[in-house]
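Let me begin by presenting the structure, written as C-alpha cells, before commenting on it.
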Amino acid sequence: MAEVVLKNVGKVYSGDVRAVKDINLEIIDKQFCVLVGPSGCGKSTILRMIAGLEEITEGDIYIEGERVNDIPPKDRNIAMVFQSYALYPHMTVYENMSFVLRLKKYPKDEIDKRVRSAAKILGLDNLLSRRPKALSGGQRQRVAVGRAIVRNPKVFLFDEPLSNLDAKLRVQMRTELKKLHEKLQATMIYVTHDQVEAMTMGNKIAVLKEGILQQVADPLTLYYRPVNKFVAGFIGSPPMNFMDVKLTKKDDGIWIEKGTFKLKLLHSQEERLSGYPHPEIILGIRSEDIYDKLYTDLPSAQNVFKAMVEVVEPLGAEIYLHINTGKDLLVVKVDPKCQAKLGEELDAVVDMSKIHLFNIETEDAIL
C-alpha cells in the first residue's frame, strides 16, 4: 500500500519564517491528491519534504507505513516531475528516459522493456530517437513523466508540471495525466495554484493558505460545502461573489439587506440562523446561482434585486454580466439568450437554496 501520511508536519526557515504549520494529511493508496493554493502557501514545500529535498522541522512523514524523516531522497522510492522539464539536451528521448536505470546498473533488456512500455503509454513510441530541442513543450513534459514511470516508484510527485505550457496544451495534458493515473493505478501527489487543474484532476484536494491546511475534500464537496470564505472564493471560476450584509428579523421572517438589496431567507435557513447572535454577516453567491428574471422559472417574489449592467462578456455557451447593485459589483453567468445590454437595469433573481453565509469576523461558514 503506497500510502503517504503527514502528521503535524511543519517547516520553519531561518529567521523564524514559518512556511508550513501543523499539516495533517492522509493520502491513501492509488489516490490522486492535489495540493492547491496561491503562491507562497507552502504547497511546494510540502511536496519537497515528502520527496526529502527539504528538511522537516516538525512532525513526521510516513510512506508505506515507514517513517522517512531521516531517509535520503534516493532511498524513498518516489519519482518527482518538476515545473521545468530538466531533460538532458544532448541525450535522445530514449536516453533521457533510461538514464536513472542505467545509473542503477539495470540489465539492458529490463531498461529497454521499461522505456518502451512507458513510451507506449505516453504516445512517445515514434519519438525515442529525437533530442529535446526537436520536441514540443507537451512532448517534453511527457518525456519527463516517462522518466518517472520507468522507475516504478511507490509515489509520483508533480510540482506544477503544466505551468510552462500554453492554455490549449494544458487542457490536453490534464486529460493525459488523469488517464495515466487510471492506467498506472499509482499514488500521485500534484501541486498547482490553478484551481481548475485541481478540480478536474484530483479525487482528493487539500486547500492551503499561508502554510495552513484549510480543507481537505473531494472537488464537489469543496465547491458546494466550503468550510470558510477563503475556500469558497478560491474554488470555482469565476470566483464566488461576496457581500457584507445585515440580517434583519421581521414579522415575515429573516431578511438579508444592504441598501436596496434585499433577499428573504428560506424557512429552513431561518431555523438554522434563529439563534445567530450577530446581525452583520458575509453573503456568498456563485455566479451561476444568479439569473436574469426573464430567463428563469425560479419564483422571484422575495429574492429579486435590481442592478445596473456594467460589463457584458459573451463567451458563446454563456454570458458573463458584471452588475452593480449600488453597493457591490457582482459577476453573473447567464443564459446565452439573455438580451441584457450595457448600461441597462437588470432584474436579477437569486436561487436562495444555493447561497452561502460566513461569519464576518472568523470568515467560517455558518450556512
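Worth pointing out:
- Here is the list for the stretch 264-367: trypsin sites (Lys or Arg not before Pro) lying in DSSP coil, each with at most 14 other C-beta atoms within 10 angstrom of its C-beta, are Lys327, Lys337, Lys341.
- Sparse-neighbour loop sites [GluC sites (Glu not before Pro); the stretch 31-126; at most 12 other C-beta within 10 Å; DSSP]: Glu55
- Reach of Lys108 by Cα under 21 Å, taken over lysines that are not fewer than 8 positions away in the same chain: Lys120
- Taking label points 7 Å from Cα along the Cα-to-Cβ direction, Lys179 and Glu64 give a separation of 2.9 nm.
- Residue-by-residue Karplus 3J(HN,Hα) for the stretch 23-39, coefficients 6.51, -1.76, 1.60, Hz, glycine and proline x: 8, 10, 8, 10, 10, 7, 4, 6, 8, 9, 9, 10, 9, 10, x, x, 4
- Only helices enter this figure: runs of n ≥ 4 DSSP H residues, each worth -39500 (n - 2.57), summed and divided by the residues of the chain, yield -7500 deg cm²/dmol at 222 nm to the nearest 500.
- Residue pairs, from the table Lys133/Lys183; Lys7/Lys105; Lys293/Lys354; Lys104/Lys168; Lys7/Lys43; Lys258/Lys333, whose Cα atoms sit over 27 Å apart: Lys133/Lys183; Lys7/Lys105; Lys104/Lys168
- Distance between modelled label sites at His267 and Ser300, nm, 7 Å Cα→Cβ extension: 2.5 nm
- The calculated pair-distance distribution of the stretch 300-359 uses every alpha carbon pair, bins of 5 angstrom beginning at 0, and gives 4, 17, 27, 25, 18, 7, 2, 0 percent.
- Normalised by the number of residues in the stretch 286-345, the average gap of Cα pairs under 8 Å and 6 or more apart makes the relative contact order 38 percent.
- Farthest toward positive dipole pole in the chain [+1 Lys/Arg, -1 Asp/Glu at C-beta], among Ile282, Gly10, Ala232: Gly10
- Secondary structure note: in the chain, about 75% of the DSSP beta bridges are antiparallel.
- Residue of Gly40, Gly326, Gly59 that the Gaussian network model of the chain assigns the largest fluctuation, springs spanning Cα pairs under 10 Å: Gly326
- Rounded to the nearest 0.05, the FRET efficiency derived from the C-beta distance between Ser39 and Ser117 at R0 = 41 Å is 0.65.
- The chain: proportion of alpha-carbon pairs further apart than 33 angstrom, %: 44 percent
- Cα-based helix-to-principal-axis angle, 137-149 vs the chain, degrees rounded to 10: 60 degrees
- Computed extension length for Ser84-Lys246: 53.4 nm, one decimal, from 0.36 nm per residue of separation with the Cα-Cα distance subtracted.
- Restricting the calculation to Cα atoms, the stretch 61-121 shows an Rg/Rh of 1.04 when the hydrodynamic-style radius is the Kirkwood one.
Every number in this text was worked out from the coordinates using simple rules, so none of it is lab data. Bear in mind the structure is a predicted one, so any value in this text is a computation, not a measurement. Cβ sites come from the backbone with ideal geometry, for glycine too, and all protein chains shown count toward neighbours.
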